[in-house]
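Working notes for the structure below.
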Amino acid sequence: MRLGVNIDHIASLRQLRKGKEPNIVEAALICEQAGADSIVVHLREDRRHIQDTDVLLLRKAITTKLNLEMSSAEDIVRFCEKVKPDQATIVPEKRQEVTTEGGLDVLKNFYKIVRVIRRLEKRNIAVSLFIDPIKEQIDACLKLGVHRIELHTGHYANARTPHSLKKNLRQIKEAVYYAHNLGLHVYAGHGLDYNNVGAISSINVIEELNIGYSIVCRAAIIGLFNAVAQMKKIITEKSI
Ligand code: PXP
């Protein structure tokens, strides 16, 4: 199973002061060295974290796959055509949301999405659609002619009771096998962390998991010791 690492929140941290640190390319290269199979970034319409220049720099610097998460807004589609990432994952986007709240409604937006898919495929960009684990949405993806879907695991990740957790996990498993048996490449992601990922990664026909927030949060904690020790060393040496 491949791991795509979403580094949006490395950029969120940088945007707090609109400076250069932490460096997004450096972060991506560390992820690759650690075993990431792809680097994922979401160029949001409000550019709250990842910027256009980040995507351009990553396109040149990384040696794994670049997976651009994007809405179907015209300027974003045009940018994607220009950058030509290895993969584009089309997601729904609302300005006020803190993060992507659910999957695309492929049934409702069928004709808009089909136009975007054809444009991107013309540029040899592999297209994946981020959808909720619902059979009708999977059927609609098949009708669109896409080969890849990413199932939204956010409701499973946010489940607060054992009953809800079980119900959401069952729904994901059923959707994964349903889509897999139809010949689709099945990916999954959103809200996955070090505690809840095991049940999802054990569904072995899932080919790729895309994970961001929990990895960046863990990095802040396990990297803190070295960061403090390094600073202490510098100021101690200077004060002698
Ligand atoms: N997959 C998709 C389609 C997403 O939109 C996101 C969030 O940008 C992720 C995966 C990663 O989610 P998280 O940051 O919660 O791990």
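Quick notes on this one:
- When LEU3, LEU68, LEU57 are checked against the criterion of being modelled with pLDDT of 95 or more, within 14 Å of the ligand (Cβ to nearest atom) and open to solvent by 50 Å² or more (accessible area, probe 1.4 Å), LEU3 stands alone in meeting it.
- Qualifying residue in the range 185-192 (condition: open to solvent by less than 100 Å² (accessible area, probe 1.4 Å), over 22 Å from VAL106 (Cα atoms), under 21 Å from the mean Cα position of the chain (by Cα) and not aromatic (Phe, Trp, Tyr)): yes
- Filtered residues of the range 89-137 (kept if in contact with a helix residue (DSSP H, G or I) (Cβ under 8 Å, 6 or more places away or on another chain) and within 11 Å of the ligand (Cβ to nearest atom)): ILE90, THR99, THR100, GLU101, GLY102, GLY103, LEU104, LEU129, ILE131
- Here ALA27 passes the criteria (1) of a type in the set (Gly, Ala, Ser); (2) surrounded by fewer than 17 Cβ atoms within 10 Å (Cβ to Cβ); (3) farther than 30 Å from ASP139 by Cα except the one numbered (2).
- Selection of the range 71-88 for residues being part of a loop (DSSP other than H, G, I, E, B), within 16 Å of the ligand (Cβ to nearest atom) and over 22 Å from ALA188 (Cβ atoms) yields only ALA73.
- Checklist (1) open to solvent by 70 Å² or more (accessible area, probe 1.4 Å); (2) out of contact with any helix residue (DSSP H, G or I) (no Cβ under 8 Å at 6 or more places or on another chain); (3) assigned to a helix (DSSP H, G or I) applied to ARG17, failing item: (3)
- Scan of the range 139-174 for residues that are more than 15 Å from the ligand (Cβ to nearest atom) and touching a Leu at 6+ places or on another chain (Cβ under 9 Å), ordered by number: ASP139, ALA140, LEU142, LEU144, HIS147
- Filtered residue count, the range 30-52, keeping only those that are more than 16 Å from the ligand (Cβ to nearest atom) and either under 22 Å from LYS84 (Cα atoms) or open to solvent by less than 30 Å² (accessible area, probe 1.4 Å) (or both): 2
The values are calculated or read from the model by the stated rules, or taken from the named source; none is laboratory data. Here the structure is a predicted model, which means the values were calculated and not measured. Because the Cβ atoms are built from the backbone with ideal geometry, glycine has one as well, and the counts that use them run over all protein chains shown. To get the accessible areas, we keep the full protein, side chains included, count just its heavy atoms, and leave off ligands, DNA and RNA. Shrake-Rupley method; radii C 1.70, N 1.55, O 1.52, S 1.80 Å.
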